[in-house]
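A.B. asks: Below is the structure I would like to discuss, written out as structure tokens.
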Amino acid sequence: MNTVTRPRILVVGAGFAGVECVRRLERRLSPGEAEITLVTPFSYQLYLPLLPQVASGVLTPQSIALSLRRSSKYRTRIIPGGAIGVDLKAKVCVVRTITDQIVNEPYDYIVLAPGSITRTFDIPGLTDHAFGMKTLAEAAYIRDHVIAQLDLADASQDPVERASRLQFVVVGGGYAGTETAACLQRLTHAAVKRYNRLDPGLIKWHLIDIAPKLMPELGEKLGRDAQEVLTRRGIEISLGVSIEKAGPEEVTFTDGRVVPTRTLIWTAGVVASPLIATLGAETVKGRLAVTAEMCLPDHDGVFALGDSAAVPDLAKGQEGAVCPPTAQHAMRQGRHVAENIIATLRNQPMRPYVHKDLGLVVDLGGSDAVSKPLGVELKGLPAQAVARGYHWSALRTGVAKARVAANWALNAVAGDDFVRTGFQARKPAKLKDFEYTDAYLTPEQVRERVAEAGLARP
């Protein structure tokens, strides 16, 4: 079959959903059946659930960055950049490459899996002074920053400065925030033993959330168990509380408390990628409204999944229920969308997505964890075994599995040297510097750009 006549399948995003979709398409389609293109700014897939362990030094950054080119069977064309707009009528995706070149990429089928960004609110100083935990760079940077606070506090003769450098605030009582606070607290607890001039009692960790419960999805008992573990470690948990304003040396809580700190980590949820707003399509709480087959209504050849799509959760059997933005759903949705595209190409019917949640795992560091596999509540070492076993099995390549297992073993035996690797710049990079939320086009700008390129359709 001639290359020009092959259907063009464009996959946007190399997260769990996008990568699994590409892998299934490559496995099930012959080279002559379709041309597959992937848009992503990086040459790796990030295993996001293990980011807190990178921040705490248990894992190296490379161990959870899974190469997109390792397989010898890989034939997908990769455009190194990010999608900044989509014209659904013209079937054109506007891409900004990593060299800031604008490319108009036509498609016959598009899979929208751009993921999500950190959800922020109009809180004074938040984006200027808070760190996120959504990218590999952020995790590595936070590790450097936390160790730098210990170094600077150790060198300081000012008790006020020392106190502010040794207090740390994490906002968000979900899985990301809880694991981040738990793992980083273990880091500082172990590291302070190397600082003879520092009083370990000065190190304080705060975990706050506006919700009344910690990780409510786990259920009453496991949520309480996790809270007890963190409290026993000295982490101060404040529920029903958030940030009123943030500054360079202190944050103000909504209950009036002012906490001197140089470290504010914001993990209070996620929202769909700003790319979704460029479509001008119907959304549900910011996520694209799609059918059970993950198709965008009234737009042939458009599929959406993962964090950016409100995929109906048919397994729950409740009207209006949508799948939560979790890795296990994203991976299965990616494979399912690939099968539906293949069915369309072969004139076969598509199938709706139905998948029961396999459970939840929360790694609190060391031997501490809480897990709920298939509804069975576990804590301590059994939960830790399940949590690490699940993450290890979910890693896509044998090399990644080997690296992560080796990192876990080495950290358990040799511990950490607590060195800074150079991510700590003179001018600290904060939340707004890592997530490029101002790089997207409006629907009108997308249409204008496509029309100027002569790709618009009547």
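A.B. asks: Please list, ordered by residue number, the strands (runs of 3 or more DSSP E) wholly in the stretch 256-361 having 2 or more residues that are modelled with pLDDT of 95 or more. Outline the logic, then answer.
C.D. replies: Details: elements: 258-260, 263-266, 270-272, 287-289, 302-304.
Result: 258-260, 263-266, 287-289, 302-304.
A.B. asks: Scan the stretch 405-440 for residues that are part of a loop (DSSP other than H, G, I, E, B), of a type outside the set (Val, Ile, Thr) and modelled with pLDDT of 80 or more and jot them down.
C.D. replies: Residues satisfying the conditions are GLY415, ASP416, ASP417, PHE418, ARG420, TYR440.
A.B. asks: Among the residues of the stretch 391-403, is there at least one that is within 26 Å of ARG224 (Cα to Cα) and surrounded by 22 or more Cβ atoms within 10 Å (Cβ to Cβ)?
C.D. replies: At the first step, the residues of the stretch 391-403 found to be within 26 Å of ARG224 (Cα to Cα) are 391.
Checking the rest, the ones that are also surrounded by 22 or more Cβ atoms within 10 Å (Cβ to Cβ) come to none.
Checking the stretch 391-403: not a single residue is within 26 Å of ARG224 (Cα to Cα) and surrounded by 22 or more Cβ atoms within 10 Å (Cβ to Cβ).
A.B. asks: Next up: Which residue is surrounded by the most Cβ atoms within 10 Å (Cβ to Cβ), if the candidates are limited to the stretch 146-180 and must be free of Cβ contacts under 8 Å to residues at least 40 places away in the same chain and assigned to a helix (DSSP H, G or I)?
C.D. replies: Selected residue: GLU161.
A.B. asks: List the strands (runs of 3 or more DSSP E) inside the stretch 1-70, counting only whole elements, that have at least 1 residues being under 20 Å from GLN328 (Cα atoms) and charged (D, E, K, R).
C.D. replies: In the stretch 1-70, there are no strands (runs of 3 or more DSSP E) which contain 1 or more residues that are under 20 Å from GLN328 (Cα atoms) and charged (D, E, K, R).
A.B. asks: Tell me, which residue of the stretch 71-89 that is touching a residue at least 60 places away in the same chain (Cβ under 8 Å) and part of a strand (DSSP E or B) is farthest from GLY115 (Cα to Cα)?
C.D. replies: Here the residue is ASP87.
A.B. asks: Still on this model: Is it fair to say ASP100 is surrounded by fewer than 22 Cβ atoms within 10 Å (Cβ to Cβ), in the same structural domain as GLY306 (by TED's automatic domain parsing) and without any contact (Cβ under 8 Å) to a residue 24 or more places away in the chain?
C.D. replies: yes
A.B. asks: Related question: Tell me the residue from LEU358, LEU374 that is under 22 Å from the mean Cα position of the chain (by Cα), surrounded by fewer than 20 Cβ atoms within 10 Å (Cβ to Cβ) and free of Cβ contacts under 8 Å to residues at least 60 places away in the same chain, please.
C.D. replies: Unique residue meeting the criteria: LEU358.
A.B. asks: Output the residues belonging to the stretch 301-327 that are crowded, with 20+ Cβ neighbours inside 10 Å and not aliphatic (A, V, I, L, M).
C.D. replies: Answer for the stretch 301-327, where residues must be crowded, with 20+ Cβ neighbours inside 10 Å and not aliphatic (A, V, I, L, M): PHE303, GLY306, ASP307, SER308, PRO312, ASP313, CYS323, PRO325.
A.B. asks: If you take just the strands (runs of 3 or more DSSP E) that sit entirely in the stretch 101-145, which of them hold at least 2 residues that are closer than 16 Å to GLY13 by Cα, among the β-branched types (Val, Ile, Thr) and modelled with pLDDT of 95 or more?
C.D. replies: 109-112
A.B. asks: Please tell me if ILE276 is in contact with a Gly (Cβ under 8 Å, 6 or more places away or on another chain), in the same structural domain as ALA310 (by TED's automatic domain parsing) and crowded, with 17+ Cβ neighbours inside 10 Å.
C.D. replies: Here the answer is yes, as ILE276 does meet what is asked.
A.B. asks: Restricting to the stretch 362-393, name every residue that is assigned to a helix (DSSP H, G or I) and either in the same structural domain as ARG27 (by TED's automatic domain parsing) or closer than 30 Å to ARG24 by Cα (or both).
C.D. replies: So in the stretch 362-393, the residues assigned to a helix (DSSP H, G or I) come out as 381-393.
Within the stretch 362-393, ALA385, VAL386, ALA387, ARG388, GLY389, TYR390, HIS391, TRP392, SER393 qualify.
A.B. asks: Out of all the residues in the stretch 249-264, which are within 17 Å of ASP122 (Cα to Cα) and either not hydrophobic (A, V, I, L, M, F, W, C) or not assigned by TED's automatic domain parsing to the domain that holds ALA148 (or both)?
C.D. replies: Scanning the stretch 249-264 gives THR252, THR254.
A.B. asks: Can you pull out every residue in the stretch 16-54 that is surrounded by fewer than 24 Cβ atoms within 10 Å (Cβ to Cβ) and of a type in the set (Gly, Ala, Ser)?
C.D. replies: Passing the criteria: SER30, GLY32, ALA34, SER43.
The values are calculated or read from the model by the stated rules, or taken from the named source; none is laboratory data. All values reported here derive from a predicted model rather than from experimental measurement. Counting neighbours? That spans all protein chains shown, and the Cβs are built from the backbone with ideal geometry, glycine included.
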